Amino acid sequence: MQDNELLKMYFDRNEQAISETAEQYGRYCMYIADNILQNRQDSEECVNDAYVTLWNTIPPQKPQSLKAYLAKVLRNAALSMVRKHNAKKRGSGAVDEIIDELREAETDTPESITDAKMMSELINGFVKGLEKQQRIIFVKRYWYLCPSKQIAKECDLSVGNVNMTLHRLRQQLKNYLEQEGFKI
């Protein structure tokens with residue numbers, strides 16, 4: 001079923017939309033949730049929460065890509081669950097590790113929505129300019145939060161190669177953002 005047909009089902013308030021979405025994107029959703037949460041039960045709960053969020057936000061939202069919108073909703077839900085689970089703990093493990101990695105290229109905190117949007121556009125432009133394999137590694141690590149070991153396996157590379165590529169990409173991102181006028 002095409003995304004536009006699924007969206008029409010949501011707009012028509014056809015409850016079958018959720019089960020059709022689960023059938024079409026269920027494995028994709030579990031991939032995202034499992035990478036972030038590392039717990040099957042939490043992942044299933046998070047995926048179900050994402051389907052409910054879709055139902056509650058479409059309409060009025062009309063995403064151009066249901067898959068991308070679902071991924072964003074799911075990722076946000078999973079990260080919220082990680083924060084909730086780790087609120088009583090000192091750190092959040094893998095998520096903190098990834099955030100620390102990105103801090104190497106971090107700029108001043110955006111002071112406005114405009115700055116945040118500009119930063120997002122710059123990062124998207126940076127990622128689009130990467131070679132295919134670099135783009136895959138970057139997105140898998142920083143969007144899907146995949147561990148380096150998993151990326152290495154999926155890309156048929158060594159873990160050291162993946163880690164070095166990520167290090168170099170963070171440096172390139174930092175330089176790119178500085179050239180675009182963001183203070184590093």
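Things to note:
- Debye intensity ratio in log₁₀ form over the Cα atoms of segment 3-85, taken at each q of 0.24, 0.25, 0.27 Å⁻¹: -1.11, -1.18, -1.33
- Per-residue ³J(HN,Hα) for segment 44-53, Karplus 6.51 cos²θ - 1.76 cosθ + 1.60, θ = phi - 60°, Hz, x for Gly and Pro: 4, 4, 5, 4, 4, 4, 5, 4, 5, 4
- Semi-axis lengths, largest first, of the ellipsoid equivalent to segment 123-171 are 17, 11, 9 Å, with √(5λ) applied to each eigenvalue of the Cα gyration tensor.
Values in this text are rule-based calculations from the coordinates and carry no lab data. Everything numeric in this text was worked out from a predicted model, so none of it was measured.
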